[in-house]
Structure formats: C-alpha cells, structure tokens
1. Does B:Asp283 satisfy the condition of being acidic (Asp, Glu), under 30 Å from B:Ile95 (Cα atoms) and modelled with pLDDT under 85?
2. Need the failing condition index for A:Ile108 against (1) within 14 Å of chain B (Cβ to nearest Cβ); (2) among the β-branched types (Val, Ile, Thr); (3) over 26 Å from A:Asp223 (Cβ atoms), just the number.
3. Pairs needed: first member in the range B:84-106, of a type in the set (Gly, Ala, Ser); second member anywhere, surrounded by fewer than 17 Cβ atoms within 10 Å (Cβ to Cβ) and in a loop (DSSP other than H, G, I, E, B); C-beta distance under 9 Å; at least 6 residues apart or different chains.
4. Of the residues B:Val89, B:Val101, B:Val37, B:Val70, only one is in the same structural domain as B:Thr185 (by TED's automatic domain parsing) and in contact with a helix residue (DSSP H, G or I) (Cβ under 7 Å, 6 or more places away or on another chain); which?
5. From the set of residues in the range B:108-124 that are open to solvent by less than 10 Å² (accessible area, probe 1.4 Å) and touching a Leu at 6+ places or on another chain (Cβ under 6 Å), which is nearest to B:Gln172 (Cα to Cα)?
6. Do we have any residue at all in the range B:201-214 that's buried (at least 20 other Cβ atoms within 10 Å of the Cβ), more than 39 Å from the chain's Cα centre (by Cα) and under 29 Å from B:Ile64 (Cα atoms)?
7. Pairs only if they're at least six apart or on different chains, beta carbon under 7 angstrom, first in the range B:223-242 and in contact (Cβ under 8 Å) with a residue 60 or more places away in the chain, second in a helix (DSSP H, G or I); list them, first residue then second.
8. Which one of these is exposed (fewer than 14 other Cβ atoms within 10 Å of the Cβ) and not basic (Lys, Arg): B:Asp283, B:Asp242, B:Asp261, B:Asp288?
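The values are calculated or read from the model by the stated rules, or taken from the named source; none is laboratory data. Values in this document were obtained by computation on a predicted structure and should not be read as measured data. Positions of Cβ are backbone-derived with ideal geometry, glycine not excepted, and every protein chain shown enters the neighbour counts. In case anyone asks, the SASA skips ligands and DNA or RNA and just uses the protein heavy atoms, side chains included. Shrake-Rupley method; radii C 1.70, N 1.55, O 1.52, S 1.80 Å.
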Amino acid sequence: MGENIEKIIEVKNVKKIYHMGHERICALNDVSFHILKGEFCCLLGTSGSGKSTLLNLMAGIEKASGGQIIIKGKNISKMSENNLAKFRQRYLGFVFQSYNLMNSMTAIENVEFPLVFKKVPRKIRRKMARDMLIKVGLGSRLRHKPKEMSGGQQQRVGIARAFVANPQIVFADEPTGNLDTKTTMEVMDLIKGMAKANHQTIVMVTHDPRLASYADKIIHILDGNIQSVEILRDITKPEEQTAASLEDTEEENKKEEKEIVSVQATENDKEMEERI
Amino acid sequence: MRISDLILMGLRNLSRRKARTALTVVGMVIGTISIVVMVSIGIGMNKIFTKSVMENGSMTIISIYKNSYVESEDGNYQSIEQKMDDALVNEISQIDHVDAVTPIYDKYVQLTSGKYQSNMELIAMDCTAMPKFGFPALSEGEYPTPENNEIILIGADAMQDFYYFSGRTPKQKTIELGKDKVSFTFSEYAVNEKKKPVTVNLNNYALFAESEDYRYNYCSYIDLEYFKTLYKKYAATLKAEDRKKALASLESYEEIRINVDNMKNVMDVQKTIEEMGYKCESDMQYLDSMLETSNMLQMVLGAIGLVAMLVSAINIANTMVMSIYERTKEIGIMKVLGCYIRDIKKLFLFESGMIGLIGGTLGMGFSYLASHYINKYGGTLLSSIMPGGGYYTEEGAKFSQIPIWLPLAAMLFAIVVGVVAGYIPARRATKISAIEAMKTDG
C-alpha cells in the first residue's frame with residue numbers, strides 16, 4: 001500500500017450544461033476531485049445539487065459538456081458507445097434507488113444478466129449468480145420475480161447483480177432511498193461489507209448525512225460546485241478500526257450463511273427432483 | 001451476448017406477449033398466403049394457357065394465304081390476292097429455320113355413301129412434308145409416299161353427319177369406313193352432262209386419331225400430285241368455260257404452309273416472309289399478345305399479394321414499436337449493465353425476423369391448403385378471367401400451381417420483410433438514452 005495508491009477515478013474540470021428550450025441550466029460547474037482505489041466515496045448533497053448528474057457522468061451514462069473523466073487511466077468522455085459498453089461490463093457495477101430489475105426475470109436471472117453480456121457460459125454464470133444471491137441472503141428466493149419480493153429484498157438482488165461480475169467500481173445512486181431505516185442499515189452494511197472484502201471502490205450518491213458516515217470520503221456538493229471534501233478514514237494508512245469493522249461484517253456474513261446453507265440444501269433437492 | 005442467449009431471450013420476449021405475437025404472426029400468415037396463392041395462380045394460368053394453346057394449334061406453323069386482307073392507308077381492310085407458285089415455295093424453303101414447306105390446295109368435295117351425302121374439306125399438300133406438320137397420330141393406315149401417293153388421310157370425325165334428304169326431316173347417319181362404301185366427287189362446278197363424272201372411292205385411306213385440335217377432326221389430306229391428276233380429270237369433264245376457271249385455279253396455290261424449327265424463330269421467319277412482300281399468319285402472333293395479357297394478369301395478382309404482405313410488414317413494425325415502448329426501461333437497464341448496442345439491435349431484429357419466420361412457415365402450409373381448394377372450387381371463376389375467356393381451359397385444370405421454389409422464396413421474403421420492418425424500431429431502441437429509459441415505468 002503506502003502513498004502511491006492508485007487514483008481509480010479522476011474528475012478534472014468537469015462541466016455539465018443542460019439545454020431546456022432556450023434556457024441553459026448549469027448542473028455542474030468546473031468540478032475536480034479524485035477517488036482512490038478501494039475507497040468508499042459518498043457524494044452528499046441536497047436534491048438538485050448535481051450529485052446524480054456527476055454519478056451519471058462518471059458511469060458514462062451521460063456525456064460531459066466539458067472537462068475530463070479518467071477511470072482506470074482511460075478518458076471515458078471520449079469513448080465510443082461500444083467501448084463504453086465493454087468498459088461497463090469489465091469494471092463497473094450499478095445499484096439504483098428504484099432497483100431497476102427486469103420484472104420479467106427471476107432473481108437469479110436478474111443477477112446473471114450482466115454476465116450474459118460478458119458471454120459467460122450458462123452453467124458458470126448460474127453458479128456465480130446463485131452464490132452471489134446466497135451471499136446477500138436471498139438463497140431461498142432464487143426463483144422469485146421482483147414483484148414477489150419486498151423492497152429490501154429487491155435491493156439485495158440489485159446489489160447481487162452489481163457485485164456478481166466482481167467489478168472494480170460500484171456506483172450506487174441513493175441505494176436506500178426507498179427503504180425503511182432498518183433495511184437501510186442492512187443494505188448499507190451489505191454494500192460496504194462486500195466492497196471491503198473484495199477491495200472494491202464504491203461511489204455512492206445520497207442526500208442523507210447519516211448514510212455518509214459509512215464512507216471513507218465525503219464530497220459535499222451544492223449547486224454544481226464542490227463545497228468541501230471530508231476524509232473520514234484515510235485508506236492510504238492501514239487502521240485497526242477498519243480491520244475491526246471488516247471482521248465484524250465478515251462474522252455477520254458467516255451467520256447469514258449458516259442460515260442460508262439449510263435453505264440452499266432444500267433448494268438443491270428441489271433442483272435434483274426437477275432434473276430427474 | 002452469445003447467440004444462444006440472444007435467441008433464448010428473443011423467444012422469451014415473444015412468448016411474454018403471446019396474444020400480440022400471435023396476432024402479428026396471423027397477419028404475416030395472411031400476407032404469405034396471399035402472395036403465394038396469387039403467384040401460384042399466375043403461374044398456373046400461364047402454364048395451362050401455354051399448354052392448351054400449344055395443343056390446339058401448332059405453334060411453329062406459318063401460313064400464307066392466296067386471299068389475304070391488309071389494312072390500307074385509310075384504315076379499311078382490303079382483300080388482296082397473292083400469287084404463289086413453286087418458285088416462291090423454293091424461295092421460302094431457303095429461309096433460315098424453315099423446317100418444311102408445302103404448297104396447299106383446299107377444295108370442298110361431296111361425299112356419297114348410298115343415299116347419304118356429306119361434305120368434306122380436302123386439303124392437298126406435299127406428301128413428303130405431311131409428317132412434319134404436327135398431324136395427330138394415325139389410328140389406321142399410313143402416310144402416303146411419292147411412290148404410293150393415293151392414300152387419303154381422313155379426320156376422325158369426318159365421317160359423321162351424313163344426311164339423307166327425303167321427306168321433311170333428313171336422316172342422319174355416321175359412316176363406318178371399311179364397312180360402308182364411300183366415294184367423293186368434286187362439286188365446284190356442274191359437270192357437263194355429256195361426260196361421266198369423276199368419282200373416287202375411299203378405299204385407300206388412313207384415319208387420324210381423335211385430336212384435341214378440332215381442325216384435324218373434320219378434314220382430309222391428300223397428296224398434291226395425286227390431287228392434281230384427279231382435279232385435271234375432273235376439269236376435263238367440265239364445260240369449256242368452267243374448265244378454264246378450274247385449271248386457272250391450279251396455277252396459284254391457295255396456301256403455302258411453313259413449319260419453323262422452333263417456336264422462338266416463328267416471328268423472325270414471319271418477318272422475313274413479310275419483307276419478301278407476302279402477308280402471312282401464324283398462331284404464334286396471337287399467342288404472343290395473349291401471353292402478354294397473361295403475364296400482366298400474373299403481375300396484377302402478384303401486386304395484390306404484395307399489398308397484403310406490405311400490410312403485414314406494417315403490422316410487424318407496429319408490434320415492434322409497441323414492444324419498444326413497453327420495454328424502454330429494460331433497454332435502459334441492459335445498456336447500463338454493459339449490453340452492446342448491436343446486441344440490442346440484434347435482439348429486436350431477431351424478434352421481428354422470428355415473427356416473419358413463423359408467419360412464413362405457417363403461411364406456406366396454409367398456401368398448399370388454399371391452393372388445393374382453389375383448384376377444387378375456383379375453376380369457373382378463374383377460367384373466366386383468363387385471356388381467351390376460358391376457351392383454352394380444359395376440365396379439371398390446376399389453376400393454382402405451387403412450384404418448389406415459391407414457398408421457399410415466400411418464406412425468405414417473409415423473414416426479410418420481418419427484419420426490414422423491425423429495423424427502424426430496432427434502431428429506435430438503440431437510441432434511447434439509458435437514463436431516460438430507466439426513469440420510465442415498466
């Protein structure tokens with residue numbers, strides 16, 4: 001580790017101007033910052049501050065009006081649609097406020113969906129998706145459709161989908177916006193736990209200062225400008241606290257897994273029967 | 001995306017909206033049926049037509065008549081007399097593609113069998129050329145040869161309709177050659193009462209088999225040289241005035257009949273003869289214009305089918321557009337998850353192509369059924385719209401004929417129509433912004 005830790009995302013002088021008829025609305029005005037590899041970064045701001053726009057720009061869903069966004073050393077604002085698609089397959093995962101699951105598909109099909117685009121063979125991706133769903137505690141709901149699940153469960157499917165391809169960066173746009181407080185905490189723990197376990201970078205957008213406390217770095221955004229960058233934990237220096245919290249989450253995961261193992265066993269039996 | 005995943009996903013999307021897919025497929029089925037059936041009717045009609053015209057007349061024969069009509073400058077038809085002799089016959093035989101030429105005399109003779117009488121057309125032509133003019137097969141006897149030229153070829157039905165005029169109602173009788181005695185005399189001019197009329201007994205004859213071409217059934221053929229001797233004998237029995245006329249009629253042939261080696265060359269030969277200054281006729285010149293009508297009919301039928309196909313193409317496009325509206329959110333999600341735009345396009349094209357394929361395949365099956373019923377029940381209607389007003393159609397003709405290439409072509413066409421109809425919606429799908437798409441409900 002040490003000082004020369006990789007800057008995974010660099011945002012340089014980024015501007016975004018929307019044209020609404022004759023009006024020009026400046027959503028982002030000359031924003032610059034960077035996010036380190038393995039960092040949990042939170043973009044905190046009120047609604048309309050431009051934080052979601054910034055996330056979309058970083059994810060390559062929208063094009064910046066000016067400036068550069070460099071992810072993994074590549075300028076994504078100059079990438080073609082095709083290369084962007086490939087880039088997303090390889091490096092990016094997404095969690096949305098409204099889950100954005102495919103309603104016609106079951107949980108396991110939703111989770112394996114990004115792998116379909118990556119041309120992962122059927123058997124392998126099925127197994128990956130199943131493992132992932134078990135990890136998020138939905139081992140018993142593999143064959144359920146989104147409409148048959150609660151919001152928290154749906155978001156867990158969304159998280160499983162975001163992490164299944166083991167991306168280096170996961171973008172989360174108000175992941176807990178539609179959830180109650182208890183589920184919010186569960187979901188946040190899940191995201192953070194997974195990211196830390198695999199040393200993944202998280203970029204989360206929220207308006208809730210309480211959620212920001214999960215982050216290593218908070219970027220306060222107001223009216224298209226960065227107000228301040230607040231570093232809660234410096235990940236360049238290894239800390240006991242971080243390690244401790246990691247262990248905690250791991251233990252929690254183990255607990256969950258124990259519960260799930262039994263469920264999974266029955267699932268397996270069912271499948272065997274089906275095959276016969 | 002792997003091809004197998006793409007196909008699986010496409011099929012799944014189609015089966016999600018079963019009713020809509022089914023209705024679109026039905027539209028495609030109707031389009032395919034109409035195009036296949038219409039084209040098959042066109043093909044069937046053309047075949048029947050060509051076949052029957054060819055049966056009814058020999059397509060390779062050209063005739064030059066002594067008395068012909070030409071259109072004069074003021075637009076009226078004018079009778080002209082063309083003088084034809086051996087020199088012309090010789091000249092025509094030199095033309096390329098001419099297979100056989102014969103001069104012809106054409107006289108009516110009176111037949112007598114006891115008290116019964118009848119008339120018959122007697123056509124005199126070069127006996128060596130006879131086998132080359134597409135005569136019907138002989139059911140009895142042989143063709144005359146230069147050595148044995150006294151054989152007379154008689155049409156299958158020429159011996160029917162003998163009448164005996166006594167009292168008010170004439171009696172009718174059919175003569176059986178070989179059983180009943182029959183003789184003929186020339187009847188053009190009254191015979192000089194002082195002389196004995198020339199009577200020829202029909203002992204040395206050959207019979208044509210019944211032919212589909214009515215022209216062969218009622219007339220008889222005789223060798224030219226034999227005819228000349230008979231006719232000169234007949235002329236000798238006439239009064240001096242009539243004798244002159246009779247002998248003068250031998251000086252010019254009444255017709256020169258030409259057989260061309262191939263149907264394709266008939267019009268060329270005809271043109272050459274006309275350039276020589278002779279008016280001539282052939283069945284081919286009528287067939288040509290009728291074939292044109294028939295081809296046009298085929299095109300009109302094809303166009304009707306095409307319109308139906310166009311409607312089903314619009315139908316497919318509509319289905320795909322609806323499908324895109326419904327699935328806007330899914331498309332957005334797919335894009336964000338890293339699906340290539342070309343894969344999204346492929347997915348939609350596959351779905352629309354699949355509708356085309358299913359519709360085309362079913363349509364193909366139903367086309368055979370429809371074709372069957374058209375052949376069974378639609379004959380009267382269809383024969384009336386054929387060129388020649390059904391004159392050329394026989395009983396039980398197949399009006400709808402589906403050649404092997406037609407269903408395959410139609411199916412391919414259906415798929416192409418599907419893919420093309422799906423192309424614009426598919427392109428639309430790729431242009432949807434992922435952000436906007438994900439905000440929509442669905």
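1. Details: acidic (Asp, Glu): yes; under 30 Å from B:Ile95 (Cα atoms): yes; modelled with pLDDT under 85: yes.
Taking the combined requirement at face value, the residue satisfies it.
2. The one condition A:Ile108 does not meet is (1).
3. Qualifying pairs under 9 Å: B:Ala100/B:Thr128.
4. Numbers: B:Val89 fails: in contact with a helix residue (DSSP H, G or I) (Cβ under 7 Å, 6 or more places away or on another chain); B:Val37 fails: in the same structural domain as B:Thr185 (by TED's automatic domain parsing); B:Val70 fails: in contact with a helix residue (DSSP H, G or I) (Cβ under 7 Å, 6 or more places away or on another chain).
That would be B:Val101, the only listed residue that is in the same structural domain as B:Thr185 (by TED's automatic domain parsing) and in contact with a helix residue (DSSP H, G or I) (Cβ under 7 Å, 6 or more places away or on another chain).
5. In this case the residue turns out to be B:Met120.
6. Checking the range B:201-214: not a single residue is buried (at least 20 other Cβ atoms within 10 Å of the Cβ), more than 39 Å from the chain's Cα centre (by Cα) and under 29 Å from B:Ile64 (Cα atoms).
7. B:Lys228/B:Leu250; B:Tyr231/B:Leu250
8. Details: B:Asp283 fails: exposed (fewer than 14 other Cβ atoms within 10 Å of the Cβ); B:Asp242 fails: exposed (fewer than 14 other Cβ atoms within 10 Å of the Cβ); B:Asp261 fails: exposed (fewer than 14 other Cβ atoms within 10 Å of the Cβ).
Going through B:Asp283, B:Asp242, B:Asp261, B:Asp288 in turn, just one is exposed (fewer than 14 other Cβ atoms within 10 Å of the Cβ) and not basic (Lys, Arg): B:Asp288.
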